[in-house]
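This report concerns only the one structure given below.
The values are calculated or read from the model by the stated rules, or taken from the named source; none is laboratory data. Predicted model only: the values in this text are computed from it and were never measured. FYI the Cβ positions are ideal-geometry reconstructions off the backbone, even for glycines, and counts take in every protein chain you see. What goes into the accessible areas is simple: the full protein's heavy atoms, side chains included, and nothing from ligands, DNA or RNA. Shrake-Rupley method; radii C 1.70, N 1.55, O 1.52, S 1.80 Å.
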Amino acid sequence: MSRRSTALAASLAPLLLAGCGGGGAGGPATVALPTGCSQVAAPPPKHAHLPAPRSRLSAPARAEVETSCGTFTISLDPARAPLTASSFAYLARRGLYDDTLFHRIIPGFVVQGGDPTGTGTGGPGYTVDEPPPRNLSYTRGVVAMAKTQVEPPGRSGSQFFVVTAADAGLTPDYALVGRVTSGFDVVQRIEQLGSASGRPKAPVVIRRVTIDSG
C-alpha cells in the first residue's frame, strides 16, 4: 500500500468508524439518484435493547441485504468470526436492520449502516468481543463491524461497513463479518450518494436483511 493510501485511511478511519454521530442523510430530495436507486424518506429512529444472542451459526450463511438501491449478498464467515457472524445473523432475524439507513458513506472508502437510530451513535443494547484475524486486510467487498476508538479491537454492536476501496488501509481492529459475494454493483451505486464528510446526499434505506442458512 502506498504512503498516500495509508495516510488517507488514517484520516478517514476516525471520521467513519468512531460511531460518534454526524450520520444521516442530508439535503433535499432533489438530488439526482443513480440508476437503480429509489427516492425514499429517511425512516424514523428505532431504539433497541435486545438481549445478547445465546446461539451460534452452525453452518455457512448468507445475508441478503435489500436496499433502496438494490440487493446485495454478504457471505457470513462463521469459521473465522463465529461470534460476530452469529450476532449479525441474530440482529437480522430480529429485524433490527430493517428500515434503517446507510448513515455514513465515503466514496472510495466504505459505506456504513446498521445503526437503528440513524445517527451513528446507536446499537442493539449489547456488545460482542471477538478480535479479528491478525492477517485480515480490509479490501474491497470485506464487511466488518464499526466501533468507537476507545473500544478494544474486535468489539461490535450492530453498525457494519462494506469496504469499497481496493484496500481501506485499516489496522485489524474491526470485527470481521464476511464479504460481499453478489451485488457489489449495488454497493457501488450506494457509494455514489456519499460525500467526503460521510454525510449521504440522499437517504439510502436498508429495507430488510434476510438470512439464508441453506
Original post:
For the chain, what does -39500 (n - 2.57) per DSSP helix run (n ≥ 4), summed and divided by total residues, give at 222 nm, in deg cm²/dmol to the nearest 500?
Top reply: -5000 deg cm²/dmol
Original post:
If TYR138, TYR90 are ordered by their accessible area, calculated over protein heavy atoms with a 1.4 Å probe, which sequence runs from highest to lowest?
Top reply: TYR90, TYR138
**OP:** Hey, can you grab everything whose amide H is under 5 Å from the amide H of THR67? Only 5+ residues off in sequence or another chain; H modelled, so Pro and N-termini drop out.
**Re:** PHE72, ARG207
**OP:** Would you kindly derive the ³J(HN,Hα) couplings of the range 160-171 from the backbone phi angles with the Karplus curve 6.51 cos²θ - 1.76 cosθ + 1.60 (θ = phi - 60°), listing them in order in whole Hz, with x for Gly and Pro?
**Re:** 10, 9, 10, 6, 10, 6, 4, 8, 6, x, 7, 6
Subject >> Residues whose placed amide H lies under 5 Å from that of ALA202, excluding near-sequence neighbours >> reply: GLY26
Original post:
Where does each of THR100, THR71, THR121 land when they are ordered by accessible area, with a 1.4 Å probe and the largest first?
Top reply: THR121, THR71, THR100
**OP:** Give the accessible surface of the chain per residue, rounded to a whole number of Å², with probe radius 1.4 Å and ligands, DNA and RNA excluded.
**Re:** 43 Å²
Original post:
For PHE109, what accessible area in Å² do you get when you roll a 1.4 Å probe over the heavy atoms of the protein chains, rounding to the nearest 10?
Top reply: 10 Å²
Original post:
In sequence order, what are the phi-derived ³J(HN,Hα) couplings for the range 145-153 according to the Karplus relation 6.51 cos²θ - 1.76 cosθ + 1.60 with θ = phi - 60°, rounded to whole Hz, with x for glycine and proline?
Top reply: 9, 7, 7, 7, 5, 8, 7, x, x
Original post:
Expressed as a whole number of Å, what is the distance separating the alpha-carbon centroids of the range 63-133 and the range 151-191?
Top reply: 9 Å
Original post:
Expressed as a whole percentage, what fraction of the accessible surface of the range 55-214 belongs to carbon and sulfur atoms when a 1.4 Å probe is rolled over the protein heavy atoms?
Top reply: 48 percent
**OP:** Calculate one ³J(HN,Hα) per residue across the range 89-97 by plugging θ = phi - 60° into the Karplus curve 6.51 cos²θ - 1.76 cosθ + 1.60, and present them in order as whole Hz with x for glycine and proline.
**Re:** 5, 4, 5, 5, 5, 7, x, 5, 7
**OP:** Would you mind working out the magnitude of the charge dipole of the chain relative to its Cα centre, with +1 at each Lys and Arg C-beta and -1 at each Asp and Glu C-beta, to the nearest 20 Debye?
**Re:** 120 debye
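Counting only DSSP beta bridges with both residues in the chain, tell me the antiparallel percent, nearest 5.
Details: 34 of 35 bridges.
Percent antiparallel among DSSP bridges in the chain is about 95.
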Original post:
Given the protein chains as shown and a 1.4 Å probe, how many square angstrom of ARG207 are accessible, to the nearest 10?
Top reply: 80 Å²
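For the chain, what is the convex hull volume of the alpha-carbon atoms per residue, in Å³?
105 Å³
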**OP:** With all protein chains present, calculate the accessible area of ARG80 using a 1.4 Å probe and round the result to the nearest 10 Å².
**Re:** 120 Å²
**OP:** Scan around GLY169 for amide H atoms under 5 Å from its own, H built in the peptide plane at 1.01 Å from N, and keep only partners 5 or more places away or cross-chain.
**Re:** TYR138
